[in-house]
Ligand code: ACO
């Protein structure tokens, strides 16, 4: 199932007015992991491109990381919590099953006027949030929205399973969205595209902890509340879905892949990214990579990368940026932004 989302022409144009990101202090390197499971820096680097990841402290929750990233995005946008009408947190690792992590963030930002809720679309979550916030602003129902991708995946990883524990990290990224007022405004959202395939729920999931399989003393020992993944299957689906999603968003924006100055892909695996950009005929110097430092931070990955790229010299005014993601669900999403 795919959406007809975003040809923005008939509605108010929407822009990204500020971005922010945050990663926890503690770094876990591939060499650290060599002491925990039977793996090697060489295997992890050659199969994924990941060298290290950041791990949140025990008392540092998803909402704390989300709030740090949000404060940076608000500061760049020149706004405060009370200016927000809408907060969406994309996460698969909420502080609590209920209330939503977005409610904790609303409180810590003092965003008393904002409605706040979470969405669960795994690694595509930030771009799902982007699209639904864009539509709300474009339709005139809200003025200013904060979207956040935030994850504490380290709390949902089986640290004895080498197939998965080497892949993930913690962190948060955020963006403030508002209507575009002037032609010179940066961060204009040109197009977006979302898709879901619910036939593939079994290849990537956290099987326990929900109503289908509440965690008990017995099944906790089987690590049922940890991420489980059929890596090879996910790899193939990720390449196909992200290539197609990229092509659709580029076409909806009235562009070709030659017009894309920078691709900011989901940061799961360098080999997946290379396969997609090769098929799109986009050279490696036009692809933003930070997975070597952070690993796969699921919903936070594209958000952190967008913040880092746009605060660095990787992005110049007027550049067209393709964002593309893929995750459990299966879900996929893409967007083209003019900076
Ligand atoms: N260290 C050493 N060896 C390992 C490790 C490890 N950490 N993990 C697996 N291996 C072994 C396997 O046991 C296997 O051994 P065998 O051949 O003796 O059976 C061998 O390495 C090869 O395993 P594969 O699974 O075939 O390795 P592959 O090349 O597919 O790489 C990986 C695995 C990195 C997980 C890859 O499949 C991948 O990136 N998949 C997609 C992940 C992704 O994109 N996820 C996105 C969404 S995540 C989300 O939504 C939360």
| query | Has the range 61-69 got any residue that is farther than 27 Å from residue 311 by Cα and in the same structural domain as residue 174 (by TED's automatic domain parsing)? | reply | no
| Which of the residues that make up the range 215-244 are closer than 20 Å to residue 283 by Cβ and more than 10 Å from the ligand (Cβ to nearest atom)? | 243
| task | Read through the list (1) farther than 23 Å from residue 205 by Cα; (2) within 15 Å of the chain's Cα centre (by Cα); (3) part of a loop (DSSP other than H, G, I, E, B), then give the number of the only condition that residue 70 fails. | result | (3)
| query | Of the residues that sit in the range 251-271 and are in a helix (DSSP H, G or I) and touching a strand residue (DSSP E or B) at 6+ places or on another chain (Cβ under 6 Å), which one is nearest to the ligand (Cβ to nearest atom)? | reply | 252
| request: Report yes if residue 176 is within 21 Å of the chain's Cα centre (by Cα), away from the ligand (no atom under 16 Å from the Cβ) and closer than 22 Å to residue 121 by Cβ, otherwise no. | output: yes
| query | Is there any pair with a first residue in the range 309-327 that is free of Cβ contacts under 8 Å to residues at least 60 places away in the same chain and a second that is in a loop (DSSP other than H, G, I, E, B) and more than 16 Å from the ligand (Cβ to nearest atom) whose Cβ atoms are under 7 Å apart and which are 6 or more apart or on different chains, and what are they? | reply | 309/288; 309/315; 314/288; 315/339; 318/339; 319/261; 319/339
| request: May I ask you to verify whether residue 107 is free of Cβ contacts under 8 Å to residues at least 24 places away in the same chain and part of a helix (DSSP H, G or I)? | output: yes
| task | May I ask you to list the residues in the range 111-142 that are touching a residue at least 40 places away in the same chain (Cβ under 8 Å) and in contact with a helix residue (DSSP H, G or I) (Cβ under 7 Å, 6 or more places away or on another chain)? | result | 121, 123, 126, 127, 138, 142
| remark: Across the range 77-111, the tally of residues that are surrounded by fewer than 17 Cβ atoms within 10 Å (Cβ to Cβ) and out of contact with any strand residue (DSSP E or B) (no Cβ under 8 Å at 6 or more places or on another chain) stands at 9
| message | out of contact with any helix residue (DSSP H, G or I) (no Cβ under 6 Å at 6 or more places or on another chain), within 30 Å of residue 41 (Cβ to Cβ) and not in a helix (DSSP H, G or I): which single residue out of 164, 93, 98, 160 fits that description? | response | 160
| query | Which of the following residues is surrounded by fewer than 17 Cβ atoms within 10 Å (Cβ to Cβ), within 16 Å of the ligand (Cβ to nearest atom) and touching a residue at least 24 places away in the same chain (Cβ under 8 Å): 47, 53? | reply | 47
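The values are calculated or read from the model by the stated rules, or taken from the named source; none is laboratory data. Since the model is a prediction, treat every value here as computed from it, not as a measurement. We place every Cβ from the backbone using ideal geometry, glycine too, and count neighbours over all the protein chains shown.
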